[in-house]
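What follows is calculated from the coordinates using simple rules that are stated; it is not laboratory data. From a predicted model like this one, the values you see are computed outputs, not experimental measurements. Counting neighbours? That spans all protein chains shown, and the Cβs are built from the backbone with ideal geometry, glycine included.
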Amino acid sequence: MTTLATSVLGIDFENPFILSSAPPTAKIESIDKAFTLGWGGAVLKTITPDNLEMIEASQRYASWKIGNKVCGFENIELLSHLTINQWLEGIKYLKRKHPNKVQIASIMAPVVKEEWQSLIKTFNNSEVDAFELNFSCPHGMPEKGIGMAIGTNPEISSMITKWVMEVAKKPVFVKLSPNVTNIAEIVKAVEAAGANGFAAINTVQSLMGIDLDTFEPKPNVNGKSTFGGYSGISVKPIGLRCVAQIRQNSNLPILGMGGISNWQDAAEYMCVGADVVQVCTEVMVNGYAVIEAMKQGLLSYLQSKGFNSPANLKNKAIAKLSSHEKLNKKMQVYPHINDELCVKCGKCVTICDESEHSALSLVDGHIEVNHDSCVGCSLCSHICPKSAIKMK
Ligand SMILES: Cc1cc2nc3c(=O)[nH]c(=O)nc-3n(C[C@H](O)[C@H](O)[C@H](O)COP(=O)(O)O)c2cc1C
């Protein structure tokens with residue numbers, strides 16, 4: 001029997017899809033609705049000490065779209081606006097109503113031992129199943145020396161992880177930033193400090209665009225802007241790379257995220273090391289209901305592969321990731337043109353000519369491949385407007 005259920009550090013997930021810490025987990029009523037609709041758990045919107053000032057800007061989003069499709073958001077939103085007591089009440093209410101759903105408290109505090117330990121101790125006594133340390137928010141908080149300012153510094157990350165591990169009575173996941181040169185450095189520092197697992201990625205620091213009439217950057221806050229955090233389908237390759245690099249450097253559990261919009265994305269994250277996955281932007285674009293197709297799709301896929309649970313997918317692709325030096329350079333593929341799909345527009349010929357190799361030509365209404373000059377780079381197969389070229 002194939003199941004979506006999986007277990008991480010003794011925490012049972014009825015399915016591996018959980019909401020990440022963000023607007024879809026900012027209100028108790030919304031989390032209640034998400035659980036009812038089938039999400040396996042939620043990382044609560046990041047909780048801070050009640051006295052940490054949280055003044056938001058308007059507007060908080062800019063988007064990159066192709067037609068009507070949102071490929072990514074840049075956001076400059078800060079953290080939770082609920083008080084600690086509101087969260088404690090809400091967590092209790094949610095656990096009573098949804099005992100099988102996982103709740104993870106995302107925590108952030110100033111770089112002061114007592115502040116981190118006091119927050120952790122408060123939520124030790126709540127019904128949350130685990131902690132996620134937000135070392136990775138890329139906007140607003142770094143100006144105060146927290147968020148990504150912590151997660152880009154191995155020494156500070158290690159110090160705070162140690163403070164937390166001294167008092168935490170539940171598993172602790174550290175949420176990492178993709179905005180570092182070498183993620184392995186932070187992974188090793190945090191693991192040595194005693195963390196139980198990782199969550200990744202938080203948003204990618206970005207600047208969405210400039211209004212060319214007014215020269216005002218986006219998102220426009222009364223004529224000015226600041227660098228924000230990029231999320232959504234366009235960051236998936238960055239998230240996937242980071243999760244793979246975490247796995248290459250640690251065997252601890254990983255809560256993987258970044259651009260997951262369907263079951264295939266989730267399965268890919270598992271193949272590079274994720275135990276469960278988190279979703280934010282897809283829900284902000286299409287609503288909580290996307291969970292149904294994600295669950296059904298992953299279950300059918302696991303069945304088709306003869307797997308019992310998502311755990312069977314874990315790390316499946318890791319051994320296939322290597323250094324460039326170790327790739328087999330003797331192997332060469334060539335483009336094969338499907339004449340039924342090809343409309344002889346000549347785009348592949350032009351692009352191949354202008355991008356170094358000049359290996360394609362249009363001869364008698366057919367695209368010919370010159371095997372002497374073709375290097376098998378595959379560019380033509382990606383830019384063909386009719387998907388008529390396959391590499392073989
Ligand atoms: C509007 C917005 C607010 C967010 N707030 C938080 C937050 O409070 N804490 C946190 O750890 N991550 C926060 N994130 C980051 C997400 O949890 C997630 O790591 C990131 O968006 C990548 O996943 P996605 O591509 O599925 O959105 C936020 C993201 C967005 C878009």
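Quick notes on this structure:
- Amide H to amide H, with H built 1.01 Å from N, SER7 comes under 5 Å of PHE13, counting only residues 5 or more places away or on other chains.
- The charge dipole of the chain, taken about the Cα centre with unit charges on the Cβ atoms of Lys, Arg (+1) and Asp, Glu (-1), comes to about 940 debye, rounded to the nearest 20.
- Stretching VAL167 away from GLN59 to a fully extended chain increases their span by 35.0 nm, per 0.36 nm per residue minus the current alpha-carbon distance.
- Spatial offset of segment 88-167 relative to segment 330-345 amounts to 52 Å, using the alpha carbon center of each.
- With bins 20 Å wide beginning at 0, the percent of Cα pairs of the chain falling in each bin runs 26, 52, 20, 2.
- Given +1 at the Cβ of Lys and Arg, -1 at the Cβ of Asp and Glu and no other charges, the dipole of segment 332-391 around its Cα centre is 240 debye to the nearest 20.
- Taking a ≥ b ≥ c as the square roots of the eigenvalues of the Cα gyration tensor, segment 77-221 is oblate, since a/c reaches 1.5 or more and a/b is not larger than b/c.
- Mean separation of Cα contacts under 8 Å (6+ apart) over length of the chain, as relative contact order %: 15 percent
- Within the chain, helix-based [θ] at 222 nm, where runs of 4 or more DSSP H residues each add -39,500 (n - 2.57), nearest 500: -9000 deg cm²/dmol
- Farthest toward positive dipole pole in the chain [+1 Lys/Arg, -1 Asp/Glu at C-beta], among LEU252, TYR61, GLN264: LEU252
- Top of GLY147, GLY67, GLY365 by mean-square fluctuation, Gaussian network on the chain, Cα under 10 Å: GLY365
- For segment 332-391, the alpha carbon positions stretch 24, 19, 17 Å along the principal axes, listed from largest to smallest.
- Other residues with beta-carbon under 13 Å from the beta-carbon of GLY229 carry, at +1 per Lys or Arg and -1 per Asp or Glu, a net charge of 0.
- Pairs of Lys in segment 295-349 closer than 24 Å at Cα, counting only those 8 or more apart or on different chains: 11
- Evaluated with a Cβ-only charge set (Lys, Arg +1; Asp, Glu -1), segment 1-88 carries a dipole of roughly 340 debye about its Cα centre, given to the nearest 20.
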